[in-house]
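The values are calculated or read from the model by the stated rules, or taken from the named source; none is laboratory data. As the structure is a computational prediction, the values presented were derived from the model and not from experiment. Backbone-built Cβ (ideal geometry, glycine too); neighbour counts: all protein chains shown. Note: accessible area is taken over every heavy atom of the protein model, side chains too, but ligands, DNA and RNA are not part of it. Shrake-Rupley method; radii C 1.70, N 1.55, O 1.52, S 1.80 Å.
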Amino acid sequence: METDDSSLRVLSLAQHHALSYLTNLDRAPVGATVDVQTLRHRLNKPLADSRLPPEQVITELVKDVEGGLLGSAGGRFFGWVIGGSLPAALAADWLTASWDQNAALYATAPAAAVVEEVAGLWLKDILSLPAHASFALVTGCQMAHATCLAAARHALLSERDWDVEKRGLYGAPPIRILSSAQLHGSFERAVRLLGLGRDQVISLASDAHDRLEPAALQKALEDDPSAPTIVLLQAGEINIGAFDDFESLIPLAKRYGAWVHLDGAFGLWAAASPRYRHLMKGAEAADSWATDGHKWLNVPFDCGYAFIAHADAHRASMTHRAAYITHHDDARDEMDWNPEWSRRSRGFSTYAALRELGRDGVADLIERCCRHAHSLVMGIGSLPGAEVLWEPTINQGLVRFLDPSTEQDHDRRTDEVIAAIVAAGEAFFGGTTWRGKRAMRVSVCSWQTSPEDVRRSINSVARVLGVEPPNS
Ligand SMILES: *Cc1c(COP(=O)(O)O)cnc(C)c1O
């Protein structure tokens, strides 16, 4: 790269803007303050014929996106399930971009390959997954699902003498997928991408805690005992954070030769906390596990992890050999395990996050988020005009807002209050429909969230409801 003054100057400029953004986060509105027309009007400039000085590009970019960035890097963002970025993880991400390594192979990025190898070992350790499991660092949990399902498809069909990598799915025995109704849309998208077909997903009954009923699974397995089968289980479902009963469900599925896959996008991290580890009891017996780094571990986007108990099936579904590629026998080539070819060396930020926190730090992060989620839900839920729908067992809970006049209008009222809270700018929440009722989701997964953030957020909700802030 040319290292003339201007190319280095623009990096300092970007660093300056990044630091001032992060420093101001605590004072800035958490939601967006401009609309889509404004953003388009500012950003949709005519594509220029001539070049621009890099500093001008960056200065204008920073100006034009203002008000269009959500404060998810800060401590009062409780929408969806979105973590922040730990300091060392963010710094490592800056270096990742600067180092610009192509982490396809050991040969194209030697240090990145070894960092990923080590990160994989640490992740299996901290998540209590089998040491022999293979893994892949992918863009997010959805691609982790796709990676795990590709291995599952290989294993289930090769047991039936069908080489799916060679022959495809045309004429192959259909693979059925058994799941509770709580399945996340990202899993369904992975099913679609792999050609397994949405119609193969059979939705089974859940209990009062949104956990898959063992009796329902037993019956579905018995209905067609020899069909190639994937059983999807949840470790932390998105509305109430439900965990399936792995200890009874996994051995049951295994008796029928099913492949058990766990969606633990955030919930898998319960295993890292002595306090919440019991929720994951029995989960190590699954065949594959998908989780995220960019949610609860607080590494920057995009970062998810796939783990697979059957390394051979995993490798067979992904590996590729070509004459111009250099392979190292004693190094780990990411391409043997990853769906992508050229890729970002996303291992650096995971490595940095785990080093920054250590075992105790990860446990503390998980437990802190759960504590704050509980205080938020119970604090908001005890305000006049609010109601707790789900008291968090981990970091997810639900509240709703009651219409003072008509019983029927709670749904509308709930959506109105959520919009008003977001507009007030102190805190950010999203909505959902749960058991037929509109609800406000409370999800805490940021290392930044502090007791002060919880206090400010409850007070802001109180002001929106027109009641006395309880914590002033
Ligand atoms: C977020 C989430 C996903 C999808 O993860 P991405 O990283 O966005 O692909 C899947 N399952 C659950 C339970 C989630 O919360």
Within the set of pairs 6 or more residues apart or between chains, which connect a residue that is touching a residue at least 60 places away in the same chain (Cβ under 8 Å) inside the range 295-323 to a residue that is open to solvent by 60 Å² or more (accessible area, probe 1.4 Å) with Cβ atoms less than 8 Å apart?
Asn298/Trp447; Asp302/Arg344; Ala309/His132; Ala311/His132; Ala316/Glu165; Ser317/Glu165
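So which residues in the range 385-422 are of a type in the set (Gly, Ala, Ser) and open to solvent by 50 Å² or more (accessible area, probe 1.4 Å)?
The answer is Ser405, Ala419.
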Of the conditions (1) at negative phi; (2) open to solvent by 10 Å² or more (accessible area, probe 1.4 Å), the single one that Trp80 does not satisfy is (1)
Output the residues belonging to the range 229-257 that are touching a residue at least 60 places away in the same chain (Cβ under 8 Å), open to solvent by 10 Å² or more (accessible area, probe 1.4 Å) and either part of a helix (DSSP H, G or I) or within 17 Å of Leu149 (Cβ to Cβ) (or both).
Gly257
Taking the range 336-384, which residues are free of Cβ contacts under 8 Å to residues at least 12 places away in the same chain and open to solvent by less than 50 Å² (accessible area, probe 1.4 Å)?
Gly358, Gly361
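Given the options Arg167, Arg192, name the one that is in contact with a Lys or Arg (Cβ under 9 Å, 6 or more places away or on another chain) and either free of Cβ contacts under 8 Å to residues at least 24 places away in the same chain or within 15 Å of the ligand (Cβ to nearest atom) (or both).
Exactly one residue qualifies, and that residue is Arg192.
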Taking Asp287 as meeting all but one of (1) of a type in the set (Asp, Glu); (2) in contact with a strand residue (DSSP E or B) (Cβ under 6 Å, 6 or more places away or on another chain); (3) within 16 Å of the ligand (Cβ to nearest atom), write down the number of the exception.
(3)
